[in-house]
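What follows is a short report on a single structure.
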Amino acid sequence: MCADIEILGGDVEDCSGQCMNGGMCVNGGCQCRKGFTGNFCQIKEYVPDNTNYAKYLKYFLFFIVMVLIIIALLFGAWLLFKNAGRIMGSIKSNAPERVDDDDNLAGTGNEHKNKKSKYGQNRDL
């Protein structure tokens with residue numbers, strides 16, 4: 001006895017030429033490739049994608065925000081450079097004026113230099 005022979009009781013339908021999308025006809029029925037189903041492999045199965053698009057979206061948004069911050073900093077530096085003369089002029093014009101001491105009550109601060117103390121030494125030592 002041979003185990004390779006199978007006796008079928010009835011007619012076996014022939015499906016050759018009817019299997020679609022790379023399906024193979026086996027024992028009167030279509031054996032479909034991965035991703036297809038149906039009697040003749042005519043229906044494409046939905047295979048979910050395992051790509052984590054949320055992670056890529058976060059990286060993309062972070063990159064865009066960093067580029068916008070760099071552009072804003074460069075624009076601010078350009079504005080400061082462009083208006084530097086006007087800003088310095090307004091700072092100088094708003095500064096209080098120096099008041100000269102005409103009566104010299106405070107002194108110049110140099111009266112004690114080069115004067116000898118009573119012991120023959122400089123006072124500032």
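The values are calculated or read from the model by the stated rules, or taken from the named source; none is laboratory data. Please read these numbers as outputs of a predicted model, since none were measured by experiment. Cβ placement follows ideal geometry from the backbone for every residue including glycine, while neighbour counts extend to all protein chains displayed.
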**Request:** Please find, within region 16-56, the residue that is modelled with the lowest pLDDT out of those that are assigned to a helix (DSSP H, G or I) and among the hydroxyl-bearing types (Ser, Thr, Tyr).
**Result:** TYR53
**Message:** Out of the residues in region 51-63 meeting the condition of being surrounded by 10 or more Cβ atoms within 10 Å (Cβ to Cβ) and of a type in the set (A, V, I, L, M, F, W, C), tell me which one is nearest to CYS32 (Cα to Cα).
**Reply:** LEU57
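One line per residue, one yes/no per condition, for (1) touching a residue at least 60 places away in the same chain (Cβ under 8 Å); (2) surrounded by 10 or more Cβ atoms within 10 Å (Cβ to Cβ); (3) touching a Phe, Trp or Tyr at 6+ places or on another chain (Cβ under 6 Å):
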| residue | (1), (2), (3) |
| --- | --- |
| GLN18 | no, yes, yes |
| CYS30 | no, yes, yes |
| LYS34 | no, no, no |
| GLN42 | no, yes, no |
| GLU45 | no, yes, no |
| ASP49 | no, no, no |
| VAL67 | no, yes, no |
| PHE81 | no, no, no |
| LYS92 | no, no, no |
**Message:** So ILE91 ticks every box in (1) modelled with pLDDT of 90 or more; (2) in a helix (DSSP H, G or I) but one. Which box is left unticked?
**Reply:** (1)
**Prompt:** Is it true that TYR59 is aromatic (Phe, Trp, Tyr) and at pLDDT 75 or above?
**Reply:** yes
**Item:** Index of the failed condition, TYR59 passing every other in (1) within 12 Å of ASN21 (Cα to Cα); (2) in a helix (DSSP H, G or I)
**Value:** (1)
